[in-house]
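Structure, as C-alpha coordinates:
The values are calculated or read from the model by the stated rules, or taken from the named source; none is laboratory data. Keep in mind it's a predicted model, so treat the numbers as computed, not measured. Here the Cβ positions follow ideal geometry from the backbone for every residue, glycine too, while neighbour counts run over all protein chains shown. The accessibility values were calculated without ligands, DNA or RNA, using every heavy atom of the protein model including side chains. Shrake-Rupley method; radii C 1.70, N 1.55, O 1.52, S 1.80 Å.
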Amino acid sequence: RVGLGAAMGAAAAAAVVVLAMVTGGAAMAPASPGFGSLAVGLVVAVLASVRDELFLRGIVLRATRGLLPAWAAIAACGAAAAAGRYGGEGMVDLSLVVAGLRGVALGSVWVRDRGAWMAVGASAAWAWSLQSIVHGGLLDVRFGTEADAGVPGVVVMGVAAVVGLVVTRPRST
(Lines give C-alpha, C1' and ligand atoms only; values in the text may rest on other atoms or scores of the structure.)
Protein backbone atom coordinates (compact mmCIF):
# COMPACT_ATOMS: atom_id res chain seq x y z
CA ARG A 1 0.00 0.00 0.00
CA VAL A 2 2.87 2.38 0.74
CA GLY A 3 4.39 1.64 -2.66
CA LEU A 4 1.13 2.31 -4.49
CA GLY A 5 0.77 5.58 -2.60
CA ALA A 6 4.37 6.51 -3.40
CA ALA A 7 3.73 5.82 -7.08
CA MET A 8 0.67 8.11 -7.00
CA GLY A 9 2.59 10.89 -5.23
CA ALA A 10 5.58 10.63 -7.57
CA ALA A 11 3.29 10.64 -10.61
CA ALA A 12 1.53 13.78 -9.37
CA ALA A 13 4.88 15.49 -8.74
CA ALA A 14 6.13 14.48 -12.17
CA ALA A 15 2.95 15.87 -13.73
CA VAL A 16 3.55 19.20 -11.97
CA VAL A 17 7.14 19.36 -13.23
CA VAL A 18 6.18 18.44 -16.80
CA LEU A 19 3.27 20.89 -16.84
CA ALA A 20 5.50 23.66 -15.48
CA MET A 21 8.14 22.95 -18.13
CA VAL A 22 5.60 22.78 -20.97
CA THR A 23 4.00 26.08 -19.95
CA GLY A 24 7.34 27.82 -19.47
CA GLY A 25 7.09 28.03 -15.69
CA ALA A 26 10.19 25.91 -15.22
CA ALA A 27 13.39 25.07 -17.03
CA MET A 28 15.97 22.33 -16.68
CA ALA A 29 19.49 23.34 -15.67
CA PRO A 30 22.64 21.22 -15.68
CA ALA A 31 22.96 19.25 -12.46
CA SER A 32 25.36 16.94 -10.71
CA PRO A 33 23.46 14.45 -8.55
CA GLY A 34 23.82 14.82 -4.81
CA PHE A 35 23.08 11.45 -3.28
CA GLY A 36 23.58 12.67 0.29
CA SER A 37 20.89 15.31 -0.16
CA LEU A 38 18.61 12.66 -1.65
CA ALA A 39 19.02 10.43 1.41
CA VAL A 40 18.51 13.24 3.91
CA GLY A 41 15.61 14.58 1.84
CA LEU A 42 13.92 11.18 1.86
CA VAL A 43 14.14 10.90 5.65
CA VAL A 44 12.78 14.43 6.10
CA ALA A 45 9.97 13.83 3.57
CA VAL A 46 8.91 10.59 5.28
CA LEU A 47 8.94 12.06 8.78
CA ALA A 48 7.07 15.20 7.71
CA SER A 49 4.54 13.08 5.82
CA VAL A 50 3.87 10.85 8.81
CA ARG A 51 3.33 13.98 10.95
CA ASP A 52 1.07 15.63 8.37
CA GLU A 53 -0.99 12.52 7.71
CA LEU A 54 -1.59 11.82 11.37
CA PHE A 55 -2.38 15.39 12.39
CA LEU A 56 -3.90 16.99 9.29
CA ARG A 57 -5.86 14.02 8.01
CA GLY A 58 -6.05 11.33 10.71
CA ILE A 59 -7.20 13.52 13.57
CA VAL A 60 -9.58 15.49 11.34
CA LEU A 61 -11.15 12.32 9.93
CA ARG A 62 -11.42 10.78 13.40
CA ALA A 63 -12.99 13.94 14.86
CA THR A 64 -15.56 14.23 12.07
CA ARG A 65 -16.46 10.53 11.85
CA GLY A 66 -20.21 10.16 12.19
CA LEU A 67 -20.73 13.93 12.40
CA LEU A 68 -20.20 14.82 8.74
CA PRO A 69 -20.69 13.01 5.46
CA ALA A 70 -17.47 11.61 3.99
CA TRP A 71 -17.12 14.41 1.42
CA ALA A 72 -17.39 17.07 4.14
CA ALA A 73 -14.84 15.30 6.34
CA ILE A 74 -12.49 15.13 3.35
CA ALA A 75 -13.07 18.83 2.68
CA ALA A 76 -12.20 19.50 6.34
CA CYS A 77 -8.88 17.72 5.68
CA GLY A 78 -8.24 20.23 2.91
CA ALA A 79 -9.11 23.14 5.19
CA ALA A 80 -6.76 21.80 7.89
CA ALA A 81 -3.94 21.41 5.36
CA ALA A 82 -4.41 24.96 4.06
CA ALA A 83 -4.54 26.28 7.63
CA GLY A 84 -1.34 24.41 8.44
CA ARG A 85 0.37 25.88 5.41
CA TYR A 86 -0.82 29.37 6.31
CA GLY A 87 0.31 28.91 9.90
CA GLY A 88 3.76 27.87 8.73
CA GLU A 89 4.28 30.58 6.13
CA GLY A 90 1.75 33.29 6.93
CA MET A 91 1.26 34.13 3.26
CA VAL A 92 -1.88 34.03 1.16
CA ASP A 93 -0.98 32.75 -2.30
CA LEU A 94 -1.54 29.75 -4.55
CA SER A 95 0.39 27.54 -2.15
CA LEU A 96 -2.65 27.61 0.16
CA VAL A 97 -4.86 26.42 -2.70
CA VAL A 98 -2.41 23.64 -3.58
CA ALA A 99 -2.16 22.61 0.10
CA GLY A 100 -5.94 22.54 0.44
CA LEU A 101 -6.45 20.51 -2.72
CA ARG A 102 -3.64 18.18 -1.70
CA GLY A 103 -5.34 17.76 1.69
CA VAL A 104 -8.57 16.80 -0.06
CA ALA A 105 -6.76 14.34 -2.34
CA LEU A 106 -4.88 12.74 0.55
CA GLY A 107 -8.00 12.70 2.73
CA SER A 108 -9.69 10.77 -0.07
CA VAL A 109 -6.80 8.32 -0.09
CA TRP A 110 -7.23 7.87 3.70
CA VAL A 111 -10.95 7.16 3.31
CA ARG A 112 -10.51 4.86 0.33
CA ASP A 113 -7.59 2.93 1.88
CA ARG A 114 -9.09 3.00 5.40
CA GLY A 115 -5.75 3.95 6.89
CA ALA A 116 -2.63 6.05 6.67
CA TRP A 117 -0.13 3.90 4.80
CA MET A 118 -1.04 4.75 1.23
CA ALA A 119 -1.47 8.44 2.08
CA VAL A 120 1.92 8.55 3.83
CA GLY A 121 3.55 7.01 0.76
CA ALA A 122 1.85 9.49 -1.57
CA SER A 123 2.68 12.47 0.63
CA ALA A 124 6.32 11.44 1.10
CA ALA A 125 6.86 10.80 -2.62
CA TRP A 126 5.27 14.16 -3.51
CA ALA A 127 7.48 16.04 -1.04
CA TRP A 128 10.67 14.14 -1.86
CA SER A 129 10.15 14.52 -5.59
CA LEU A 130 9.38 18.25 -5.54
CA GLN A 131 12.08 19.08 -3.02
CA SER A 132 15.13 16.82 -3.06
CA ILE A 133 14.89 15.17 -6.47
CA VAL A 134 14.18 18.22 -8.65
CA HIS A 135 16.21 20.71 -6.63
CA GLY A 136 19.65 19.23 -7.19
CA GLY A 137 19.31 15.66 -5.93
CA LEU A 138 18.96 14.12 -9.39
CA LEU A 139 17.74 17.02 -11.52
CA ASP A 140 17.96 20.77 -11.27
CA VAL A 141 14.64 22.26 -12.32
CA ARG A 142 14.36 26.01 -11.92
CA PHE A 143 10.76 27.07 -11.25
CA GLY A 144 9.39 30.59 -11.67
CA THR A 145 7.46 29.95 -8.44
CA GLU A 146 7.86 26.89 -6.27
CA ALA A 147 6.32 23.77 -7.76
CA ASP A 148 3.75 23.47 -4.99
CA ALA A 149 2.84 27.17 -5.16
CA GLY A 150 1.97 27.68 -8.82
CA VAL A 151 -0.70 27.05 -11.40
CA PRO A 152 0.65 23.59 -12.40
CA GLY A 153 0.31 22.48 -8.77
CA VAL A 154 -3.25 23.81 -8.62
CA VAL A 155 -4.17 21.98 -11.83
CA VAL A 156 -2.63 18.64 -10.85
CA MET A 157 -3.92 18.70 -7.27
CA GLY A 158 -7.32 19.93 -8.46
CA VAL A 159 -7.62 16.88 -10.70
CA ALA A 160 -6.39 14.62 -7.88
CA ALA A 161 -8.91 16.12 -5.43
CA VAL A 162 -11.83 15.69 -7.85
CA VAL A 163 -10.81 12.12 -8.67
CA GLY A 164 -10.43 11.38 -4.97
CA LEU A 165 -13.88 12.74 -4.13
CA VAL A 166 -15.46 10.79 -6.99
CA VAL A 167 -13.73 7.56 -5.98
CA THR A 168 -14.78 7.90 -2.32
CA ARG A 169 -18.40 8.90 -2.87
CA PRO A 170 -20.96 6.38 -1.66
CA ARG A 171 -22.20 4.00 -4.30
CA SER A 172 -25.93 3.91 -4.96
CA THR A 173 -27.45 0.49 -5.51
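Report the FRET efficiency, 1/(1 + (r/R0)^6), for Leu68 and Val40, where r is their Cβ-Cβ distance and R0 is 45 Å, rounded to 0.05. Present the calculation step by step, with values, prior to reporting the outcome.
Working: r = 39 Å, r/R0 = 0.86.
That pair, Leu68 with Val40, gives E of 0.70.
Given springs between every Cα pair under 10 Å in a Gaussian network model of the chain, which of Ala81, Ala27, Ala147 has the largest fluctuation?
Ala27
For helix 70-89, report the angle its Cα long axis makes with the longest principal axis of the Cα atoms of the chain; keep it between 0 and 90° and round to the nearest 10°.
Compared with the principal axis, the helix lies near 40 degrees.
Computed FRET efficiency, Cβ-Cβ of Val92 and Val166, R0 25 Å: what is it to the nearest 0.05?
0.30
Kindly identify the stretch 1-109 as rounded, prolate or oblate by the Cα gyration tensor criterion: order the square roots of the eigenvalues as a ≥ b ≥ c, call it rounded if a/c is under 1.5, otherwise compare a/b with b/c, prolate if a/b is larger, else oblate.
prolate
How high is the relative contact order of the chain? Use alpha-carbon pairs under 8 Å, at least six apart in sequence, and give a whole percent.
41
Could you work out the relative contact order of the stretch 18-117, using alpha carbon pairs under 8 angstrom and six or more residues apart, expressed as a whole percent?
25
If DNA, RNA and ligands are ignored and the probe is 1.4 Å, what is the ranking of Ser32, Ser129 by accessible area, most exposed first?
Ser32, Ser129
Under a 10 Å cutoff between Cα atoms, tell me which one of Arg57, Arg85, Arg102 has the largest fluctuation in the Gaussian network model of the chain.
Of Arg57, Arg85, Arg102, the most mobile in the Gaussian network model is Arg85.
Ignoring ligands, DNA and RNA, please state the percent of accessible area on the stretch 2-45 from carbon and sulfur, probe 1.4 Å. Write down the numbers at each step before the final one.
Numbers: 1940 of 2380 Å².
C and S atoms contribute 81 percent here.
By the scheme Lys and Arg +1, Asp and Glu -1, what is the net charge of all other residues having a beta-carbon under 10 Å from that of Ala149?
It works out to a net charge of -3.
Shape verdict for the stretch 81-160, please, from the Cα gyration tensor: rounded (a/c under 1.5), prolate (a/b greater than b/c) or oblate.
oblate
I'd like the orientation of helix 94-113 relative to the chain: the angle between its Cα long axis and the longest Cα principal axis, in ° from 0 to 90, rounded to 10.
Approximately 50 degrees, to the nearest 10.
Could you provide, to the nearest whole Å², the per residue accessible area of the chain with probe 1.4 Å? Each step should come with its number before you reach the end.
Values: 9110 Å² over 173 residues.
Using a 1.4 Å probe on heavy atoms only, each residue of the chain averages 53 Å².
Using the Cβ atoms and a cut-off under 15 Å, what net charge is assigned to the surroundings of Val163, where Lys and Arg are +1 and Asp and Glu are -1?
Net charge in that neighbourhood comes out at +2.
Using protein chains only and a probe of 1.4 angstrom, how many square angstrom of Leu38 are accessible, to the nearest 10?
Taking all protein chains as shown, Leu38 has close to 20 Å².
Taking all protein chains as present, what is the carbon and sulfur share of the accessible area of the stretch 53-173, in % to the nearest whole number, probe 1.4 Å?
67
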